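J.: Below is one structure. I have some questions about it.
The values are calculated or read from the model by the stated rules, or taken from the named source; none is laboratory data. Since the structure is predicted, the reported quantities are computational estimates derived from the model, not experimental observations. Cβ atoms come from the backbone with ideal geometry, glycine included; neighbour counts cover every protein chain shown.
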Amino acid sequence: MDTNHVTALEAGNQVLLTNWNALPDNTLVFTSAITLGEIAAGHEMIPGDLQRRHQVKKFLELYFIAQAVCVSYTTESYYAQIMGRIWRRNPPHKASVTTDEHLVARGINVNDVWIVACAWEHGLILLTTDKMAAIKDVTPEVKFENWCEAGGVTTIIV
């Protein structure tokens, strides 16, 4: 699950809850350590209610931390393949452009590249509301779904 799906689930998004509750009892739902980091960073960057932070942390502990997919030394291969494909498909106009500048110009968040790399490495469906067009375009190996919208679920889990 991408950050937007984790936060939508915690917020009680009804479409997502319906899809979540339809999963068989033994289904494991994963999120990436990158997603957990994005959520934690949001709390650090935007000072807020400590009680709310505690509530979110308890939610994450209950549903996601034990099954968090970590970035490992093997993830780098998937990340590198995605970045190489993006670069070949959309090369920068000049050699002096940094990787970060090039990604931002293409509307690519580097965290999304890592999250997709984790999903690809583990053969997982990535749940996201993000467009990620440039990343999706170069990763036909990864299935993307949006469970926050009606009709977003296309996978039948048995």
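J.: Only one of Thr129, Thr99 is among the hydroxyl-bearing types (Ser, Thr, Tyr), out of contact with any Lys or Arg (no Cβ under 8 Å at 6 or more places or on another chain) and farther than 21 Å from Met1 by Cβ. Can you tell me which?
T.: The conditions single out Thr99.
J.: Being in contact (Cβ under 8 Å) with a residue 60 or more places away in the chain, more than 19 Å from the chain's Cα centre (by Cα) and farther than 21 Å from Val142 by Cα narrows it down to one residue among Pro24, Pro47, Pro92; which is it? Let's see the steps before the verdict.
T.: Details: Pro47 fails: in contact (Cβ under 8 Å) with a residue 60 or more places away in the chain; Pro92 fails: in contact (Cβ under 8 Å) with a residue 60 or more places away in the chain.
Pro24 is the lone residue from the list that is in contact (Cβ under 8 Å) with a residue 60 or more places away in the chain, more than 19 Å from the chain's Cα centre (by Cα) and farther than 21 Å from Val142 by Cα.
J.: Identify the single condition in (1) in contact with a Phe, Trp or Tyr (Cβ under 8 Å, 6 or more places away or on another chain); (2) closer than 19 Å to Ala41 by Cβ that Asn111 does not satisfy, given that it satisfies every other one.
T.: All conditions are met except number (1).
J.: Here is a further query. Failed condition for His93, given (1) touching a Ser or Thr at 6+ places or on another chain (Cβ under 7 Å); (2) at pLDDT below 90; (3) not small (Gly, Ala, Ser), with all others met?
T.: (1)
J.: Could you say whether any residue in region 133-155 is loosely packed, with under 13 Cβ neighbours inside 10 Å, more than 27 Å from Asn21 (Cα to Cα) and of a type in the set (Val, Ile, Thr)?
T.: Checking region 133-155: not a single residue is loosely packed, with under 13 Cβ neighbours inside 10 Å, more than 27 Å from Asn21 (Cα to Cα) and of a type in the set (Val, Ile, Thr).
J.: Looking for whichever is surrounded by fewer than 18 Cβ atoms within 10 Å (Cβ to Cβ), in contact with a helix residue (DSSP H, G or I) (Cβ under 8 Å, 6 or more places away or on another chain), assigned to a loop (DSSP other than H, G, I, E, B) and aliphatic (A, V, I, L, M) here; the options are Leu28, Leu23. Which one fits? Walk me through it before giving the result.
T.: On the way: Leu23 fails: in contact with a helix residue (DSSP H, G or I) (Cβ under 8 Å, 6 or more places away or on another chain).
After ruling out the rest, the residue left standing is Leu28.
J.: Turning to a different aspect of this structure: Is one or more of the residues making up region 1-8 surrounded by 10 or more Cβ atoms within 10 Å (Cβ to Cβ) and farther than 20 Å from Lys131 by Cβ? Lay out the reasoning, then the answer.
T.: Within region 1-8, the subset surrounded by 10 or more Cβ atoms within 10 Å (Cβ to Cβ) is 1-8.
Subsequent filtering for residues that are farther than 20 Å from Lys131 by Cβ retains none.
Looking for residues that are surrounded by 10 or more Cβ atoms within 10 Å (Cβ to Cβ) and farther than 20 Å from Lys131 by Cβ, one finds none in region 1-8, hence no.
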